[in-house]
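For reference, the structure discussed in these notes is given below.
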Amino acid sequence: MTSRYFSILLLLTSLILFSCSKDENIEVIEEESIDQPKNDDNNDDSNDEPPAPNSLKTFTIDVNGNLHTFYFNYENNQIDKLAYKDEAGEITYYSFEYNSFDKISKTIKYNSNSNNSSSVDFDNQNNFNNQEDSIMHFYRSNNSLKEIETWDYGFNWGYAYNSDGLVSRIQSTGMIPVTNIFYDENNKIEKLKTYPENTDWIVYIDYFEFDDNKNPFYKLFDEIGLVIDKDISISNRYLRELIISDLVCISPYNVSEKTEDLKPGPPTYIVEYSYNDDNFPLEAVYYNNSTVVKYTITYDYY
């Protein structure tokens, strides 16, 4: 993976920090009033009910015929377990712990070698006995995500927000790489300016266009703090690039086009979607230079 993709991969994955920046026009919001835990006295939701409608049940990424599928399991109106099946059929399980504000506070990863079946089984406790790793999620007093650990604990990834409550910067605690995020008048991501590692602060600029429909990944991030691209450890380079660069889970809308500033010409990719009646995507087809299919994503909801 080039340093460019490695940087971009590791930048769209956690969310908020204090840090300094090479760009102006970024307003960092540090602390706000402390929220109180929600009152569940009138909560009639039953166990095992997802935060539906339109909560992800599965999504599958088809990379040149290789399938990568993510499965979600809900309990008490929250995602309590997740499974990732790679192209070889190997399954990696994850579970989540929550804080008093019903936001994810810890992601636990389990050793995939303990799996004896090619079918996802959330009820088999053997799949959740051998913990391999875990990462912590840290929040500000206003319950916005501040930092997420990396799996190797070498450094954390932190986030800053602008005055509209939108993520304005993602930066490692090692100070580089740094990505500043800029929005248009409709609060849609317009461009990313990245200062990667070991490049003498050369700026990479990616330009985006988004549709007006609903991004299911943002829905989960906004509700429970799930950062699918940071919480999942994936070895496939192209899949990592896709999840980090293309899904953009911090946007409430779906990316429809991306253009890399250092690649003059047509867009790096465009995306065509089909949607359900509630404007959540059912399928997304990623085209390279408008002609060649790079990836296809299918979504299944509760």
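The values are calculated or read from the model by the stated rules, or taken from the named source; none is laboratory data. Computed from a prediction, not measured in an experiment: that's the story for all the values here. Please note: Cβ atoms are built from the backbone with ideal geometry, for glycine as well, and neighbour counts cover all protein chains shown. Only protein heavy atoms, including side chains, enter the accessible area calculation; ligands, DNA and RNA are left aside. Shrake-Rupley method; radii C 1.70, N 1.55, O 1.52, S 1.80 Å.
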Problem set entry | Residue list for the stretch 72-103, filter: within 16 Å of GLU223 (Cα to Cα) and among the acidic types (Asp, Glu) | GLU75, ASP80, GLU97, ASP102
Seminar exercise, completed: Taking first residues from the stretch 200-214 that are of a type outside the set (A, V, I, L, M, F, W, C) and second residues anywhere that are assigned to a loop (DSSP other than H, G, I, E, B) and open to solvent by 30 Å² or more (accessible area, probe 1.4 Å), the pairs with Cβ under 6 Å that are 6 or more apart or on different chains are ASP211/TYR253; ASN213/ASN279; LYS214/ASN279
Problem set entry | Residue satisfying all of: in the stretch 238-272; touching a strand residue (DSSP E or B) at 6+ places or on another chain (Cβ under 9 Å) and among the charged types (D, E, K, R); modelled with the highest pLDDT among these | GLU272
Problem set entry | Per-region count, the stretch 254-275, residues touching a residue at least 60 places away in the same chain (Cβ under 8 Å) and under 16 Å from THR60 (Cβ atoms) | 1
Exercise. Of all residues in the stretch 168-195, which are modelled with pLDDT under 90, farther than 19 Å from SER144 by Cα and in a strand (DSSP E or B)?
Worked result: VAL178, LEU192, LYS193, THR194, TYR195
For this session: Could you give me the residue pairs with C-beta distances under 9 Å whose first residue belongs to the stretch 175-191 and is closer than 16 Å to ILE205 by Cα, whose second residue is exposed (fewer than 15 other Cβ atoms within 10 Å of the Cβ) and among the basic types (Lys, Arg) wherever it lies, and which are 6+ apart or on separate chains?
Result: VAL178/LYS22; ASN180/LYS22
Exercise. When the stretch 196-232 is examined, which residues are found to be modelled with pLDDT under 80 and open to solvent by less than 50 Å² (accessible area, probe 1.4 Å)?
Worked result: PRO196, THR199, VAL227, ILE228, ASP229, LYS230, ASP231, ILE232
Exercise. Since ILE79 meets every condition but one in (1) open to solvent by less than 10 Å² (accessible area, probe 1.4 Å); (2) under 17 Å from ASN129 (Cβ atoms), which condition does it not meet?
Worked result: (2)
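Determine, yes or no, whether ILE170 is hydrophobic (A, V, I, L, M, F, W, C) and touching an Asp or Glu at 6+ places or on another chain (Cβ under 9 Å).
Details: hydrophobic (A, V, I, L, M, F, W, C): yes; touching an Asp or Glu at 6+ places or on another chain (Cβ under 9 Å): no.
Taking the combined requirement at face value, the residue does not satisfy it.
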For this session: Please find, within the stretch 61-119, the residue that is modelled with the lowest pLDDT out of those that are of a type in the set (A, V, I, L, M, F, W, C) and not in a strand (DSSP E or B).
Result: ALA88
Exercise. Can you name the residue in the stretch 162-173 that is open to solvent by less than 50 Å² (accessible area, probe 1.4 Å) and in contact with a Gly (Cβ under 9 Å, 6 or more places away or on another chain) and, of all such residues, is farthest from CYS249 (Cα to Cα)?
Worked result: SER172
